[in-house]
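What follows is one structure encoded as structure tokens, with my remarks underneath.
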Amino acid sequence: MTVEISETRDIAACHAVRRAVFVVEQGIALADELDGRDEEATHLLATDKGIPVGTARLLEQGATGKIGRVAVLPSHRGQGLGRALVEAAVAVLASRPHLTQAKLGAQTHAIGFYESLGFTAVGDIYEDAGVPHRDMVRAL
Ligand code: COA
């Protein structure tokens, strides 16, 4: 697998991955997936021979960088790409001196995945778009 990860302005490509994973695979409503914050966000796109296969989105809130919409197509899972996407997202946030922590809302099945990337679960489990989530944080 020769996958490249880079920042992109090709939001349509990110949407295509997110739609396949969150809407088609997980059954999340398209209206929940498209929350209107994509224009202000930084987007990461993973491509395999030019074809979009993974994505993640970065937002800011004060001194906190928020990582979200982390998705890898089923065909490319289990090969370290999700890990590489989150590490790239953390690196982008860490390069912004005004940010001190990274935060994300993890689907509860993915908590172990994010723990292996240095995140710690905080607070209670809550429901978002019909899916149980828990917030997780990591210092930058
Ligand atoms: N729960 C616990 N551990 C997990 C996991 C999960 N759901 N998914 C992967 N892992 C582990 C892997 O075993 C691997 O461990 P290792 O490094 O010790 O072998 C590590 O996390 C990294 O796995 P990786 O191959 O980089 O992950 P991936 O490319 O398969 O992507 C997701 C992981 C979660 C991004 C991918 O499964 C996905 O897109 N899922 C659907 C969308 C989703 O749930 N996104 C998260 C929203 S919060």
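Assessment of segment 72-84 against the conditions (of a type in the set (A, V, I, L, M, F, W, C), modelled with pLDDT of 95 or more and open to solvent by 60 Å² or more (accessible area, probe 1.4 Å)) yields no matching residue.
Any idea how many residues of segment 102-140 are in a strand (DSSP E or B) and small (Gly, Ala, Ser)?
Of all residues in segment 102-140, those in a strand (DSSP E or B) come to 102-107, 120-128, 131-139.
Next cut, small (Gly, Ala, Ser) only: 102, 105-106, 121, 123, 139.
Residues meeting the conditions: 6.
Hey, among the residues in segment 75-92 that are more than 7 Å from the ligand (Cβ to nearest atom) and not hydrophobic (A, V, I, L, M, F, W, C), which one's nearest to the chain's Cα centre (by Cα)? Here the answer is Glu87.
Looking at the structure I just gave you, is Val90 in contact with a Phe, Trp or Tyr (Cβ under 8 Å, 6 or more places away or on another chain), aliphatic (A, V, I, L, M) and in a helix (DSSP H, G or I)?
Numbers: in contact with a Phe, Trp or Tyr (Cβ under 8 Å, 6 or more places away or on another chain): no; aliphatic (A, V, I, L, M): yes; in a helix (DSSP H, G or I): yes.
No; evaluated as a whole, the condition is false for this residue.
For segment 17-51, a residue qualifies if it is surrounded by 15 or more Cβ atoms within 10 Å (Cβ to Cβ), without any contact (Cβ under 8 Å) to a residue 40 or more places away in the chain and either in contact with a strand residue (DSSP E or B) (Cβ under 6 Å, 6 or more places away or on another chain) or acidic (Asp, Glu) (or both), and the qualifying residues are Asp38, Ala41, His43. Going through segment 22-69 one residue at a time, which ones are among the aliphatic types (A, V, I, L, M), within 16 Å of the ligand (Cβ to nearest atom) and either over 15 Å from Ala12 (Cβ atoms) or part of a strand (DSSP E or B) (or both)? Val24, Ile28, Ala29, Leu44, Leu45, Ala46, Ile51, Val53, Ala56, Leu58, Leu59, Ile67 - these are the residues of segment 22-69 that are among the aliphatic types (A, V, I, L, M), within 16 Å of the ligand (Cβ to nearest atom) and either over 15 Å from Ala12 (Cβ atoms) or part of a strand (DSSP E or B) (or both). Condition (residue is touching a strand residue (DSSP E or B) at 6+ places or on another chain (Cβ under 7 Å), part of a strand (DSSP E or B) and free of Cβ contacts under 8 Å to residues at least 60 places away in the same chain) applied to segment 71-81: is it met by at least one residue? Within segment 71-81, one or more residues are touching a strand residue (DSSP E or B) at 6+ places or on another chain (Cβ under 7 Å), part of a strand (DSSP E or B) and free of Cβ contacts under 8 Å to residues at least 60 places away in the same chain.
Within segment 117-133, the presence of a residue that is in contact (Cβ under 8 Å) with a residue 40 or more places away in the chain, under 14 Å from Ser6 (Cα atoms) and either within 14 Å of the ligand (Cβ to nearest atom) or basic (Lys, Arg) (or both) is excluded.
The values are calculated or read from the model by the stated rules, or taken from the named source; none is laboratory data. All figures in this text were calculated on a predicted structure; none of them were measured in a lab. Here the Cβ is made from the backbone with ideal geometry for all residues, glycine too, and neighbour counts use every protein chain on show. Surface accessibility is based on the protein's heavy atoms, side chains included, excluding ligands, DNA and RNA. Shrake-Rupley method; radii C 1.70, N 1.55, O 1.52, S 1.80 Å.
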